[in-house]
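The values are calculated or read from the model by the stated rules, or taken from the named source; none is laboratory data. Please read all numbers here as calculations on a predicted model, not as lab measurements. Positions of Cβ are backbone-derived with ideal geometry, glycine not excepted, and every protein chain shown enters the neighbour counts. Accessible surface is based on the protein model in full, side chains and every heavy atom, while ligands, DNA and RNA are left aside. Shrake-Rupley method; radii C 1.70, N 1.55, O 1.52, S 1.80 Å.
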Amino acid sequence: MYKIIFFIGLLFSFSPFISAEARPVKVLASFTILKDFIENVGGEHVQVDSIVDPNEDPHVYEPTPDTSKKILEADIVFFNGLGFETWMSRLVEGADYKGPLVVATQGITPRLIYDPDLEGADNVVDPHAWNNVLNARVYVQNIRDALVKQDPTHKDIYESNTKAYLKKLDDLEAWIQETLCCVPKEKREIITAHDAFGYYGEAYGIKVLAPVGISTEAEASAWDVAKLVDQIKALKIKVVFVENVSNTKVMQQLSEETGAQIGGTLYSDSLSEPTGPAPTYIKMMHHNTNLIIKAMEKNEL
Ligand SMILES: [Zn+2]
């Protein structure tokens, strides 16, 4: 009898170690695109939550007491950086989070643009770096390195998951290049709701115009809209897009004033719900590219 009790006692005394070993790393990502990258790298060894929900706008997100709770429960936190999450430092300081904080864009050369709505207008950093697949590769490798550091036991798995996902990203890049190949240079112009597709445009040779700059916080002035109406007419652009995270009013106005059709919804800064057309980064890039091609084909030469 004594032996049995001793054995049970031994089992209980080891159980915390067993559960700590089996518990996935609790990861918090600032937005859904990052969450998807982390899930692909971490697989079953991570449990990832996103601060900003699908279809929500990360530019204007307001942290709540619930966000502070989430960040304190996380083992590791990832964010985009490049000034995307303007609320991040306030959140980290307010919650007194002391764990690892990983900038997923580390090593990416940022795109500098002119944005009169923001401070330092001449050299504003564009944060939407994920919209170039080659940059997405860098995000994924940064995530791999941070997860290996956080949880070295599963190093081999994180490395092989990363390898497999990078292969998928290479296939995606090849598909985009191949699909875009036949659109004439003169037709490669699109109008998006905010300037979220600059990296995409640079990577794939497309001129991207928008009524507001890199943040949805700014509102288009009457002058911005009038200028864009003139550009749409001069460039013979036939389609304008709405976005999942932006107000559609200005795009409807542009459509009415120029006769350009609304070409559908681009997923720019957040993924869709799981049942929507852009529940993962790869599906989002397919969806956006298909819409963009359809739109550019309608442009007149
Ligand atoms: Zn944006």
Residue count, the stretch 68-87, condition within 14 Å of the ligand (Cβ to nearest atom), over 14 Å from the mean Cα position of the chain (by Cα) and within 14 Å of Ala29 (Cβ to Cβ), comes to 0
Residue that is nearest to the ligand (Cβ to nearest atom) [pool: residues in the stretch 255-287 that are over 30 Å from Leu82 (Cα atoms) and among the hydrophobic types (A, V, I, L, M, F, W, C)]
Ile262
List the residue pairs whose Cβ atoms are under 8 Å apart, where the first residue sits in the stretch 277-301 and is under 23 Å from Val41 (Cα atoms) and among the basic types (Lys, Arg), the second is at pLDDT 95 or above and in a loop (DSSP other than H, G, I, E, B), and the two are 6 or more positions apart or on different chains.
Lys283/Pro277
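Residues being part of a loop (DSSP other than H, G, I, E, B), among the acidic types (Asp, Glu) and open to solvent by 40 Å² or more (accessible area, probe 1.4 Å): count how many of those fall in the stretch 32-74.
Residues in the stretch 32-74 being part of a loop (DSSP other than H, G, I, E, B), among the acidic types (Asp, Glu) and open to solvent by 40 Å² or more (accessible area, probe 1.4 Å): 3 in total.
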Quickly run through the stretch 102-137 and pick out the residues that are at pLDDT 85 or above and within 12 Å of the ligand (Cβ to nearest atom).
Asp126, Pro127, His128, Ala129, Trp130, Asn131
From the set of residues in the stretch 99-128 that are out of contact with any Leu (no Cβ under 8 Å at 6 or more places or on another chain) and assigned to a strand (DSSP E or B), which is surrounded by the fewest Cβ atoms within 10 Å (Cβ to Cβ)?
Leu112
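In the stretch 33-67, how many residues are closer than 30 Å to Ser160 by Cα and away from the ligand (no atom under 16 Å from the Cβ)? Can you show your working first?
Pass one, the stretch 33-67, residues closer than 30 Å to Ser160 by Cα: 33-54.
Applying the additional criterion that residues be away from the ligand (no atom under 16 Å from the Cβ) yields 35-49.
So the answer is 15.
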